[in-house]
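Below you'll find the structure I mean.
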Amino acid sequence: MMRTPNEIADAVLAATGVDTRLVSASTRGGVAPLARAVCAALARRHTVLSLSEIAVAFGWRSHSSVREALHGLRAGLEREAATGESVLDARDQPQYGSVTRVVALAEEWLSVAGTATPRPPSVGS
């Protein structure tokens, strides 16, 4: 099922709790960069949008911002798979557990977004 950028942003925001203004901003700290990267990855997976179109949809500067977000997310997922440890700073973001967990939560939320009574997944579970 094809999704819209708004549905994707809603799914990522439900999974991370990140304010919608931070997803499109250039905020570098906290979980905002992770939320942006997950938005980019889900947009690539669930839409037919190009990198440039994804950048426009989320209010980013250019396609290279999307490419860098995807590269960073891929690197984090690969590092977690290789080491079995989260790459997230547990002091700053203990509720998220891992990059892998955030992606799974966003995918889960997106999968129920079209149902009659979507319920957000629990971040702590």
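The values are calculated or read from the model by the stated rules, or taken from the named source; none is laboratory data. Note that the structure is predicted; figures quoted are calculated from it, not measured. No Cβ is skipped: glycine too gets one built from the backbone with ideal geometry, and neighbour counts run over all protein chains shown.
Tell me the residue from Arg61, Arg44, Arg28 that is among the basic types (Lys, Arg) and either in a helix (DSSP H, G or I) or touching a Cys at 6+ places or on another chain (Cβ under 9 Å) (or both), please.
Arg44
Moving on to the next point. What are the residue pairs meeting all of these: first residue in region 53-82, first residue at pLDDT below 90, second residue of a type in the set (Ser, Thr, Tyr), Cβ atoms under 6 Å, and 6 or more apart or on different chains?
What qualifies is Phe58/Ser24; Gly59/Ser24; Glu80/Ser98; Glu80/Thr100.
From the residues in region 26-36 that are surrounded by fewer than 23 Cβ atoms within 10 Å (Cβ to Cβ) and touching a Ser or Thr at 6+ places or on another chain (Cβ under 9 Å), which one is modelled with the highest pLDDT?
Pro33
Rundown of residues vs (1) touching a His at 6+ places or on another chain (Cβ under 9 Å); (2) surrounded by fewer than 21 Cβ atoms within 10 Å (Cβ to Cβ), yes/no style:
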position	(1), (2)
Val38	no, no
His46	no, yes
Ser50	yes, yes
Gly59	no, yes
Ser65	no, yes
Gly72	no, yes
Leu77	no, yes
Glu80	no, yes
